[in-house]
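Here's the structure, in structure tokens; my notes come after.
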Amino acid sequence: FPPLPAFLLPSCTLQGRAMYPPEGGPVSKPPRPSGRAHRLPVLCSHLLPERVAPAAAAAAAAVAAAAAAGGAAAGSASASASAFAPSMSTCSAERQPLSWCVVGAGAIGGLVGAWLARAGERVTLVARRDHLAAMQRRQGIVVVGVDGVEELVPVRAVGSVAEVGTVDVVIVALKAHQILPILDELPMLFHASTIVLSMQNGLPWWYFLKHGGPFEGRPLESVDPGGRILRAIDAGRIVGCIPYPAAHLRAPGEVQHTEGTLLPLGELDGCSSERVQRLSAALVAAGFKAPILDSIRSNMWVKLLGNLCFNPIGAMTHSTLDVMATFPPSVAVVRAAMEEASAIARSLGLMLDVTIERRIRGAAKVGPHKPSTLQDVEAGKPTEVDALIVAVVELAELTGTPAPTIRTLCACMQLLNKTVEEKKVKIKASPA
């Protein structure tokens, strides 16, 4: 594929922040708060309306009624997928399709890749074993919507990066511990202006890239020992993305979409570049809500508040979100962990615009969803404990912030992960 045109290069021209106006009113641009503490825009659909860069509103306006319905405030994340997912079509003449490679086409990667392919983008999914075999046999991936409707989406699926060639956008949807084994192969996908869209839960390897301050450029040892990923992927290629949809693999080659369409994204330095506007437009056209953020790290903490407690508690107790967020003893543990995480965020100059109680209620509204770590434990797979909670402990140590509850959850989760890895067992609750 030829290099991307100039408008997709990381030239950042639109700075500042804006929020979608209530009831269609004018967009306002409040000034940045002074000092190190930046207010944290909230992106969880059950909490408060997200604050986004103006380009997201423009992207939403560029698509049909489904995108217009999802372009303002985040709305209910439990809305039917049919309200946002377009039918099979080719991209319009105004927005030419890009070539995409989804590295790690599991539940979330498979869902994103399928919706992009359905919207006319040129997509290749990289997967393994039975999941790959099922997609190749069907010449596509089955997506089950939140309304129960099944659809076979034609898409190319391969077993290795070496089979793909260079592409315009690489979606890295691997869990943190899965990136290092394929790190040497990733450059096979890059041409001069290939974008790497990082789509991981928890804290990513690039957290301190273009961060500023005393920790600028520092690797997160818990997810990137020795800074290998930092050295292998140029910072100029990276755009961050926070995956909010809930999904799981119902069977090999079949993704069950449970809830949510929100995929906020942003440049690491907070500007609204032409390339990030282009990515947002493509994701919106595919059926997602893709607001452009002016502080991608800040918004990670909204989701991370839930990840760092619900994921380990769910994996250890085999409980779903609705139970963990309403059972008083577990709510007490969740509240304590979230308070500690909020203190760590404040020590890094971030302030939360959402109360902990509202964050817990938002998790309860998701319903009987199994956290990804519980899905991994039941399947006998290593969990993403490093990015979800070990990295938070690392930041607590770095900033000198007490976090006894988080440390306890982390130690228990590391022991569970050790058991799954070393004994090669699946741990799944079954009827007595």
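The values are calculated or read from the model by the stated rules, or taken from the named source; none is laboratory data. Quick caveat, the model's predicted, so the values are computed rather than measured. Cβ coordinates were reconstructed from backbone atoms using ideal geometry, including for glycine residues, and neighbour counts include every protein chain displayed. The protein model used for the area step is the full one, side chains on, heavy atoms only, and it has no ligands, DNA or RNA in it. Shrake-Rupley method; radii C 1.70, N 1.55, O 1.52, S 1.80 Å.
Per-structure values
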read-out: Pair list, Cβ under 8 Å, 6 or more apart: region 140-156 residue without any contact (Cβ under 8 Å) to a residue 60 or more places away in the chain and part of a loop (DSSP other than H, G, I, E, B), other residue open to solvent by less than 50 Å² (accessible area, probe 1.4 Å) and among the β-branched types (Val, Ile, Thr); value: VAL155/VAL123; VAL155/THR124; VAL155/ILE141
read-out: Tally of residues being open to solvent by less than 20 Å² (accessible area, probe 1.4 Å) and either under 20 Å from ASP224 (Cβ atoms) or among the charged types (D, E, K, R) (or both) across region 137-193; value: 10
read-out: Yes/no for LEU305 being within 16 Å of LYS370 (Cα to Cα) and either touching a helix residue (DSSP H, G or I) at 6+ places or on another chain (Cβ under 7 Å) or open to solvent by 20 Å² or more (accessible area, probe 1.4 Å) (or both); value: no
read-out: Number of positions in region 142-172 that are among the aliphatic types (A, V, I, L, M) and farther than 22 Å from GLU185 by Cβ; value: 7
read-out: Some residue of region 376-384 being over 21 Å from VAL223 (Cβ atoms) and out of contact with any helix residue (DSSP H, G or I) (no Cβ under 7 Å at 6 or more places or on another chain); value: yes
read-out: Any chance LEU374 is assigned to a helix (DSSP H, G or I), in contact with a His (Cβ under 8 Å, 6 or more places away or on another chain) and closer than 18 Å to LEU305 by Cα; value: yes
read-out: Listing of strands (runs of 3 or more DSSP E) fully contained in region 158-252 that carry 1 or more residues being under 14 Å from VAL103 (Cα atoms) and among the polar types (S, T, N, Q); value: 190-198
read-out: Those residues of region 377-398 which are open to solvent by 40 Å² or more (accessible area, probe 1.4 Å) and in a helix (DSSP H, G or I), in sequence order; value: ALA379, ASP386, GLU397, LEU398
